[in-house]
1. Compute the distance from the alpha-carbon center of segment 53-68 to that of segment 1-36, in whole Å.
2. On full extension of the chain, what length is gained from residue 53 through residue 125, given 0.36 nm per residue of separation minus the C-alpha to C-alpha distance?
3. Using label points projected 7 Å from each Cα along Cα→Cβ, tell me how many nm separate residue 255 and residue 33, to one decimal.
4. When the chain is fully extended, how far beyond the present Cα-Cα distance does residue 147 get from residue 165, taking 0.36 nm per residue of separation?
5. Take the alpha carbon atoms of segment 117-140, find their center, do the same for segment 185-199, and report the distance between the two centers in whole angstrom.
6. What distance in nm lies between label points placed 7 Å from Cα along the C-beta direction at residue 218 and residue 90?
7. As a footprinting exposure proxy, order 222, 227, 94 by other Cβ within 10 Å, with the fewest listed first.
8. Residue separation times 0.36 nm, minus the C-alpha to C-alpha distance between residue 72 and residue 135: what's the value?
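Every number in this text was worked out from the coordinates using simple rules, so none of it is lab data. Since this is a predicted model, take the numbers as computed values, not measurements. A quick note on method: Cβ atoms are made from the backbone with ideal geometry, for glycine too, and the neighbour counts reach across all protein chains shown.
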């Protein structure tokens, strides 16, 4: 059995056939220049454009390549979760598959890890995206910094480097991959940020739209709830309940005063409408937060289904404890 690699380069991919070969070659050249033991782990998130065939060709040509393939598209969070479970390196580097992350900067990330960081998050600067996306990203990251207190400029950059224990401590589902630095920070890991070149997109199209910008704020509230109040939910529920009760009490007192001065409430339908909206809104917030907490407590393995896991026989490792093997059940279809 071959020695375990020092670095795992994890590539979650979905329909990136025009970029895969060049991305692989550039990563290989960088890692060979470092003379470090490495592996390249492709996570095929249900690609339908011919990407799978290209990955298979690379697998046959290079024993350092491993492939984990989903049955359908489950999303980036699932791809990262499965990849973290399958990666064998002590350091895990993640890149997006569109070549906007520059593989030649991997050594800089490794230097930051060696200097003591647990997680190094990229900061795309300057950003090569349309003006609308850049403005949306600035707003999104500004709000995230203010709410979370984590001083990163690009929370959702896919170019990151992790110590193994960080990756294995993350519990990802839905769209929570956007807030990996925030989650890691809440667990006490040391986070740092590194400016990286952001290359213009040459192939394909962006998979991020305006809906993800808006949904990102819902995810932010989810993460704040899970990282700050999951062990003491009464603090958040009590605060909201107190404010709602205070507002309701003040309104009731106001109406009582009006009634004492001879005014009737039966001719105020707007009051009943506003009261109903307030009750429904408060209930929806409570139900939403409770649902997120329940979702967070569920087994992450149920969020994706692995079709095949291709690895060379000499690259296999001894079985890990069940808690560390979220990719269990994947079969070697070599």
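1. 10 Å
2. Numbers: separation 72, 0.36 × 72 = 25.92 nm, distance 3.36 nm.
Between residue 53 and residue 125, full extension yields 22.6 nm more.
3. Going from the residue 255 label point to the residue 33 one covers 7.2 nm.
4. Details: separation 18, 0.36 × 18 = 6.48 nm, distance 2.61 nm.
In short, 3.9 nm is gained.
5. Answer, in whole Å: 12.
6. My value for the distance between the label points is 4.2 nm.
7. On the way: 222 21, 227 17, 94 29.
Listed from fewest to most nearby Cβ atoms, that is 227, 222, 94.
8. On the way: separation 63, 0.36 × 63 = 22.68 nm, distance 3.22 nm.
Extending this stretch completely gives an extra 19.5 nm.
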